[in-house]
């Protein structure tokens, strides 16, 4: 039945709808020839319908996949299209490809089943409709449909030959048990009767049906009945049914065992399906939980690899090129993974052609692995490889689940990557913001004292002659003070850099606490002029084990801080007290406003500013951070708190101290000066 | 004595800067007053009505730019010269200051002559002719 319509140059595709038939290759050959005649492409399409899922066994499915592979090998394209029905699929195909469809080829199989003549072929109507727009060729497929051998038939019903052997063994066991009971219970009262024996056989049937499915169950019920009749009913060792009662017994026993087999095998099927469904849900849950808890793709695939191995009882391996370096492959695999040449071939094909390869797939290569490409919206991101262990069945369900796992894993990994790159961007932006903030803050703090120096000196230079001696000195003093402040900032910045890079070496030695405080007072003299300073060192002759220059810097930073945040003419108390438990404790107390409560925990943070608009006497925000680092490097501690009566209190401690006799201390002092 | 009888107020939180501004401007004949905070400076300006204000931007209590419009409105014409003196030198800060009415923008550190010349220029320009005209028009 052909209908000719003019072929326009845009009509450049021959479609062939393949079906499971031993002569299905004929369809492919026809398609190839027609395409060759027309000088256009051809494509083999397998319409997968829910009806087929129910009726068609796994082998048929595999055969169809193999047929599609053959189509590709013959130079055509292949497509697996899921549709609600064959008619729907045909309609969908024709409407999708309408503008380029040159010819549609369908097969018409002769079905030599009993009722095939009376069966409607609804898709023929669809073909008729299509043929009004497109040329359709129906290829008759003669001969019987694909015939199954007994073994194939068994396999298609999920029965393994050994299950049948188990059924027979189970019946034999029931018979053995019955005869033992018969012989070991001699008194007539306790003698085992026919009903008990029949129950034993029923138990064996129920066991077989529950454990191995319907067919072995039925086999057990029939053989059970025969055995019962042959060995345990009168006349013994003969298969005879004499009376109506016998026949009734037989009928009851057979129906009971068959019913039991039916129900238990059905329950088993439900349980199996439920287990599979639960496994699917569990897998999905695992995938998303791993996605939520993983920081990187590598971490995620490592976790997934372990979990999948445990849940599916298979060997699992992931092969993924890292995002930034596609030449290097990231692998998560069992430790003893060794890939054979055939495995690598299958893996390469899977990756390069985005196709399922390996065991139970159209591209077998003789490997023991199955390779599934992981494809997300952004493209192919890797390959998941699975090697079944002994008990795993690579059936259609397993194949579908693997594809689902591969797709979900791809999505999950892509999500992780996306999240990480967003996080990286955010961190980079934050860092950049902080860097520019610090740069502007440091440049502000360095420029402010410089402005004081340059301004005062420029006044001295241009107006010096008009100024009194006192004012000239005032200008020079103020420049000097600002220069010292600048020096202190620069020292702090350099110290912090050195401390952070670990380039600083502490030279600890015994040094008088009193002379340390005196040294700092002398250095800060000008700034401390407007503060009332009280110093007490107890015992006065105490010496502490310290790096003198760095510890002086600590005390100076703390005093600087006190000067910065207290009004002029207020007091600052320095107390240095030796304690047996803590060591030498230095306390600096001021009488200013104290540290704002919300900032007290961050007083020693780098670039922390204790007060808003902290530029009255600008600082780099490093002084206290350095002090903490210096004291901790000398195994001491430092804290900041507010005094209950107002003002801030900074306390630091150096763990080692001793007291030297006054005379020796004096001698040392003279030796120093 | 170029600034004789001129009253200048500087608002800056750096003590040493106020110090040398005082010494130099007083030596040039001006009457000088200094304030270390924005609110203190504004109060001083409102009570003493200076001829020119020198204003720092980063002040302890608030931003210098926040009080700039009020400083401008200290006289009837709303055109008191305000010279911004700051370490900030980004184009955005300059534009913002200009849009709020700053008469000049000098970045720290600076030499005193630079500021003196700017003060001279600003005091000579006062009041700005176009602004004066608009004000008169409205008044008439």
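The values are calculated or read from the model by the stated rules, or taken from the named source; none is laboratory data. For clarity, every value in this text was computed on a predicted model and none was experimentally measured. Cβ sites come from the backbone with ideal geometry, for glycine too, and all protein chains shown count toward neighbours.
Residue A:406 - would you say it is at pLDDT 80 or above and within 19 Å of residue A:291 (Cα to Cα)? Steps first, answer last, please.
Details: at pLDDT 80 or above: yes; within 19 Å of residue A:291 (Cα to Cα): yes.
Answer is yes for this residue.
Conditions: (1) at the interface with chain B (Cβ under 8 Å from one of its Cβ atoms); (2) in contact with a helix residue (DSSP H, G or I) (Cβ under 9 Å, 6 or more places away or on another chain). Residue A:491 meets all but one. Number of the miss?
The single condition residue A:491 does not satisfy is (1).
Looking at B:56, B:51, B:66, B:75 in this structure, which one is touching a strand residue (DSSP E or B) at 6+ places or on another chain (Cβ under 6 Å) and over 21 Å from residue A:442 (Cα atoms)? Can you show your working first?
Working: B:56 fails: over 21 Å from residue A:442 (Cα atoms); B:66 fails: touching a strand residue (DSSP E or B) at 6+ places or on another chain (Cβ under 6 Å); B:75 fails: touching a strand residue (DSSP E or B) at 6+ places or on another chain (Cβ under 6 Å).
After applying the criteria, what remains is B:51.
If we scan segment A:592-615, do we find a residue that is within 22 Å of residue A:538 (Cβ to Cβ) and either within 14 Å of chain B (Cβ to nearest Cβ) or modelled with pLDDT of 80 or more (or both)? Spell out how you get there, then give the answer.
The first filter runs over segment A:592-615 and keeps only residues within 22 Å of residue A:538 (Cβ to Cβ), leaving none.
No; the residues of segment A:592-615 include none that is within 22 Å of residue A:538 (Cβ to Cβ) and either within 14 Å of chain B (Cβ to nearest Cβ) or modelled with pLDDT of 80 or more (or both).
Which one of A:471, A:505, A:532 is without any contact (Cβ under 8 Å) to a residue 12 or more places away in the chain and surrounded by fewer than 16 Cβ atoms within 10 Å (Cβ to Cβ)?
Working: A:471 fails: surrounded by fewer than 16 Cβ atoms within 10 Å (Cβ to Cβ); A:532 fails: without any contact (Cβ under 8 Å) to a residue 12 or more places away in the chain.
Step by step, each of A:471, A:505, A:532 is checked, and only A:505 is without any contact (Cβ under 8 Å) to a residue 12 or more places away in the chain and surrounded by fewer than 16 Cβ atoms within 10 Å (Cβ to Cβ).
Would you confirm whether any residue within segment A:236-258 is out of contact with any strand residue (DSSP E or B) (no Cβ under 7 Å at 6 or more places or on another chain) and within 30 Å of residue A:406 (Cβ to Cβ)?
Going through segment A:236-258, the residues out of contact with any strand residue (DSSP E or B) (no Cβ under 7 Å at 6 or more places or on another chain) turn out to be A:236-258.
Okay, now just the ones that are also within 30 Å of residue A:406 (Cβ to Cβ), so none.
So far as segment A:236-258 goes, no, none of its residues is out of contact with any strand residue (DSSP E or B) (no Cβ under 7 Å at 6 or more places or on another chain) and within 30 Å of residue A:406 (Cβ to Cβ).
Can you tell which of A:514, A:484 is in contact (Cβ under 8 Å) with a residue 12 or more places away in the chain, over 30 Å from residue B:88 (Cα atoms) and more than 9 Å from every other protein chain (Cβ to nearest Cβ)? Steps first, answer last, please.
On the way: A:484 fails: over 30 Å from residue B:88 (Cα atoms).
Only one candidate passes the filter, namely A:514.
Condition check ((1) in contact with a strand residue (DSSP E or B) (Cβ under 6 Å, 6 or more places away or on another chain); (2) surrounded by fewer than 17 Cβ atoms within 10 Å (Cβ to Cβ); (3) on the phi > 0 side of the Ramachandran plot) across all residues:
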| residue | (1), (2), (3) |
| --- | --- |
| A:372 | yes, no, no |
| A:376 | no, no, no |
| A:386 | yes, no, no |
| A:390 | no, yes, no |
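Given (1) more than 30 Å from residue A:585 (Cα to Cα); (2) out of contact with any helix residue (DSSP H, G or I) (no Cβ under 7 Å at 6 or more places or on another chain), identify the lone condition not met by residue A:479.
Residue A:479 satisfies every listed condition except (2).
Tally time: how many residues in segment B:63-96 are within 11 Å of another protein chain (Cβ to nearest Cβ), touching a helix residue (DSSP H, G or I) at 6+ places or on another chain (Cβ under 9 Å) and farther than 18 Å from residue B:41 by Cα?
Taking segment B:63-96 and keeping what is within 11 Å of another protein chain (Cβ to nearest Cβ), we get B:63-64, B:85-90, B:93.
Pick out the ones that are also touching a helix residue (DSSP H, G or I) at 6+ places or on another chain (Cβ under 9 Å) and you get B:63-64, B:85-88, B:90, B:93.
From the residues that got through so far, the ones that are farther than 18 Å from residue B:41 by Cα too are B:87-88, B:90, B:93.
Residues flagged as within 11 Å of another protein chain (Cβ to nearest Cβ), touching a helix residue (DSSP H, G or I) at 6+ places or on another chain (Cβ under 9 Å) and farther than 18 Å from residue B:41 by Cα within segment B:63-96 amount to 4.
Counting only residues that are surrounded by 14 or more Cβ atoms within 10 Å (Cβ to Cβ) and at pLDDT 80 or above, give me the helices (runs of 4 or more DSSP H) lying completely in segment A:117-188 with at least 1 of them.
Values: elements: A:122-131, A:150-156, A:161-184.
Helices (runs of 4 or more DSSP H) meeting the threshold: A:161-184.
Out of all the residues in segment A:439-456, is one or more more than 14 Å from chain B (Cβ to nearest Cβ) and either touching a helix residue (DSSP H, G or I) at 6+ places or on another chain (Cβ under 9 Å) or loosely packed, with under 15 Cβ neighbours inside 10 Å (or both)?
Within segment A:439-456, not a single residue is more than 14 Å from chain B (Cβ to nearest Cβ) and either touching a helix residue (DSSP H, G or I) at 6+ places or on another chain (Cβ under 9 Å) or loosely packed, with under 15 Cβ neighbours inside 10 Å (or both).
In the set A:304, A:219, which member is under 20 Å from residue A:174 (Cβ atoms) and either touching a helix residue (DSSP H, G or I) at 6+ places or on another chain (Cβ under 7 Å) or surrounded by fewer than 20 Cβ atoms within 10 Å (Cβ to Cβ) (or both)?
A:219
Inside segment B:1-16, can you point out the residues that are touching a residue at least 40 places away in the same chain (Cβ under 8 Å) and under 22 Å from residue A:481 (Cα atoms)? Even if it seems obvious, please write down each step before you answer.
Initial filter on segment B:1-16 (touching a residue at least 40 places away in the same chain (Cβ under 8 Å)): B:2-3, B:6-14.
Passing the criteria: B:10, B:11, B:12, B:13, B:14.
List pairs: first residue in segment B:97-114 and more than 7 Å from chain A (Cβ to nearest Cβ), second residue assigned to a loop (DSSP other than H, G, I, E, B) and buried (at least 16 other Cβ atoms within 10 Å of the Cβ) anywhere in the structure, Cβ distance under 7 angstrom, at least six positions apart or on different chains.
If the second residue must be assigned to a loop (DSSP other than H, G, I, E, B) and buried (at least 16 other Cβ atoms within 10 Å of the Cβ), the pairs left are B:103/B:81; B:107/B:87.
If you go through segment B:79-92 one residue at a time, how many are surrounded by 15 or more Cβ atoms within 10 Å (Cβ to Cβ) and modelled with pLDDT under 90?
The number of residues fulfilling the criteria is 4.
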